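Input: a single structure, listed below in C-alpha coordinates.
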Amino acid sequence: MSVESANMSAATSFKGSIEARLKVFEWTWTTAVGFCIGITLFLLIGAAVIPSFWLYFADQKLHFDQPQHYHVWFVTWDATFVWLRLIRDAVAMGLSTGPIVTILVGASIMQNWRRKLRGQTDSRPTGGYR
(Lines give C-alpha, C1' and ligand atoms only; values in the text may rest on other atoms or scores of the structure.)
Protein backbone atom coordinates (compact mmCIF):
# COMPACT_ATOMS: atom_id res chain seq x y z
CA MET A 1 0.00 0.00 0.00
CA SER A 2 1.48 3.32 -1.02
CA VAL A 3 1.59 6.37 1.20
CA GLU A 4 -0.84 8.30 -1.02
CA SER A 5 -3.47 5.56 -0.92
CA ALA A 6 -3.04 5.22 2.85
CA ASN A 7 -3.55 8.98 3.29
CA MET A 8 -6.56 8.89 0.95
CA SER A 9 -8.17 6.01 2.84
CA ALA A 10 -7.55 7.77 6.17
CA ALA A 11 -9.15 10.96 4.84
CA THR A 12 -12.09 9.00 3.44
CA SER A 13 -12.67 7.17 6.73
CA PHE A 14 -12.41 10.46 8.64
CA LYS A 15 -14.93 12.10 6.32
CA GLY A 16 -17.22 9.08 6.62
CA SER A 17 -17.18 9.23 10.42
CA ILE A 18 -17.96 12.96 10.36
CA GLU A 19 -20.80 12.41 7.88
CA ALA A 20 -22.28 9.64 10.03
CA ARG A 21 -22.19 11.88 13.11
CA LEU A 22 -23.58 14.87 11.18
CA LYS A 23 -26.44 12.83 9.74
CA VAL A 24 -27.84 11.82 13.14
CA PHE A 25 -26.94 14.98 15.11
CA GLU A 26 -29.75 16.73 16.95
CA TRP A 27 -29.48 19.76 19.19
CA THR A 28 -30.13 19.30 22.88
CA TRP A 29 -30.19 21.97 25.52
CA THR A 30 -26.72 21.11 26.83
CA THR A 31 -25.07 20.91 23.40
CA ALA A 32 -26.62 24.24 22.43
CA VAL A 33 -25.35 25.96 25.60
CA GLY A 34 -21.88 24.46 25.18
CA PHE A 35 -21.78 25.50 21.55
CA CYS A 36 -22.89 29.05 22.42
CA ILE A 37 -20.18 29.36 25.07
CA GLY A 38 -17.58 28.14 22.59
CA ILE A 39 -18.75 30.44 19.81
CA THR A 40 -18.80 33.41 22.22
CA LEU A 41 -15.20 32.75 23.26
CA PHE A 42 -14.20 32.37 19.60
CA LEU A 43 -15.84 35.68 18.71
CA LEU A 44 -14.37 37.52 21.70
CA ILE A 45 -10.87 36.35 20.96
CA GLY A 46 -11.13 36.52 17.18
CA ALA A 47 -13.06 39.75 16.77
CA ALA A 48 -11.73 41.78 19.72
CA VAL A 49 -8.44 40.52 21.18
CA ILE A 50 -6.54 39.75 17.98
CA PRO A 51 -7.38 43.04 16.18
CA SER A 52 -6.54 44.99 19.35
CA PHE A 53 -3.17 43.21 19.53
CA TRP A 54 -2.56 44.03 15.87
CA LEU A 55 -3.18 47.75 16.47
CA TYR A 56 -0.70 47.85 19.36
CA PHE A 57 1.84 45.77 17.42
CA ALA A 58 1.59 47.93 14.29
CA ASP A 59 2.10 51.14 16.28
CA GLN A 60 4.78 50.00 18.71
CA LYS A 61 6.84 47.46 16.78
CA LEU A 62 6.25 48.36 13.13
CA HIS A 63 6.06 52.12 13.81
CA PHE A 64 3.02 52.71 11.62
CA ASP A 65 2.30 55.89 13.57
CA GLN A 66 5.60 57.61 12.69
CA PRO A 67 6.67 59.20 9.39
CA GLN A 68 8.97 57.12 7.23
CA HIS A 69 12.01 58.48 5.39
CA TYR A 70 12.72 57.05 1.94
CA HIS A 71 15.94 57.36 -0.05
CA VAL A 72 15.97 56.49 -3.74
CA TRP A 73 19.16 57.41 -5.60
CA PHE A 74 19.68 61.06 -4.82
CA VAL A 75 16.10 61.81 -3.85
CA THR A 76 14.96 61.79 -0.24
CA TRP A 77 11.38 62.32 0.86
CA ASP A 78 9.20 61.81 3.90
CA ALA A 79 6.20 59.66 3.25
CA THR A 80 3.05 60.71 4.95
CA PHE A 81 2.11 58.09 7.45
CA VAL A 82 -1.58 58.46 6.67
CA TRP A 83 -1.29 55.50 4.29
CA LEU A 84 0.33 53.38 6.96
CA ARG A 85 -2.52 54.15 9.34
CA LEU A 86 -5.05 53.27 6.64
CA ILE A 87 -3.31 49.95 6.02
CA ARG A 88 -3.15 49.30 9.78
CA ASP A 89 -6.88 49.99 10.14
CA ALA A 90 -7.80 47.92 7.07
CA VAL A 91 -5.92 44.92 8.48
CA ALA A 92 -7.64 45.41 11.84
CA MET A 93 -11.07 45.49 10.15
CA GLY A 94 -10.23 42.34 8.22
CA LEU A 95 -9.17 40.63 11.43
CA SER A 96 -12.35 41.67 13.22
CA THR A 97 -14.79 40.68 10.47
CA GLY A 98 -13.02 37.42 9.60
CA PRO A 99 -14.40 35.34 12.49
CA ILE A 100 -17.95 36.59 11.91
CA VAL A 101 -17.84 35.75 8.20
CA THR A 102 -16.27 32.38 9.03
CA ILE A 103 -19.15 31.49 11.34
CA LEU A 104 -21.81 32.53 8.81
CA VAL A 105 -20.21 30.68 5.89
CA GLY A 106 -19.38 27.62 8.00
CA ALA A 107 -22.93 27.36 9.33
CA SER A 108 -24.35 27.56 5.81
CA ILE A 109 -21.98 24.88 4.52
CA MET A 110 -22.71 22.55 7.43
CA GLN A 111 -26.48 23.00 7.10
CA ASN A 112 -26.43 22.24 3.37
CA TRP A 113 -24.15 19.23 3.93
CA ARG A 114 -26.49 17.90 6.63
CA ARG A 115 -29.53 18.43 4.41
CA LYS A 116 -27.84 16.53 1.57
CA LEU A 117 -26.91 13.64 3.87
CA ARG A 118 -30.49 13.33 5.09
CA GLY A 119 -31.81 13.30 1.53
CA GLN A 120 -33.71 16.56 1.82
CA THR A 121 -34.08 18.94 -1.07
CA ASP A 122 -33.14 22.60 -1.17
CA SER A 123 -36.74 23.70 -1.55
CA ARG A 124 -38.35 24.46 1.77
CA PRO A 125 -42.14 24.67 1.80
CA THR A 126 -43.34 27.69 3.72
CA GLY A 127 -47.07 27.24 3.35
CA GLY A 128 -49.52 30.08 2.97
CA TYR A 129 -50.71 31.61 -0.24
CA ARG A 130 -48.48 31.88 -3.26
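The values are calculated or read from the model by the stated rules, or taken from the named source; none is laboratory data. Everything numeric in this text was worked out from a predicted model, so none of it was measured. Heads up: the accessible areas ignore ligands, DNA and RNA and are worked out on the full protein's heavy atoms, side chains in. Shrake-Rupley method; radii C 1.70, N 1.55, O 1.52, S 1.80 Å.
Some values worked out for this structure:
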item	result
Gain in span if fully extended, Tyr56 to Asn112, counting 0.36 nm per residue against the direct Cα distance	16.2 nm
Solvent accessible area, Å² - Ser108, 1.4 Å probe, full protein context	60 Å²
Rounded accessible area of Val49 (nearest 10 Å², 1.4 Å probe)	90 Å²
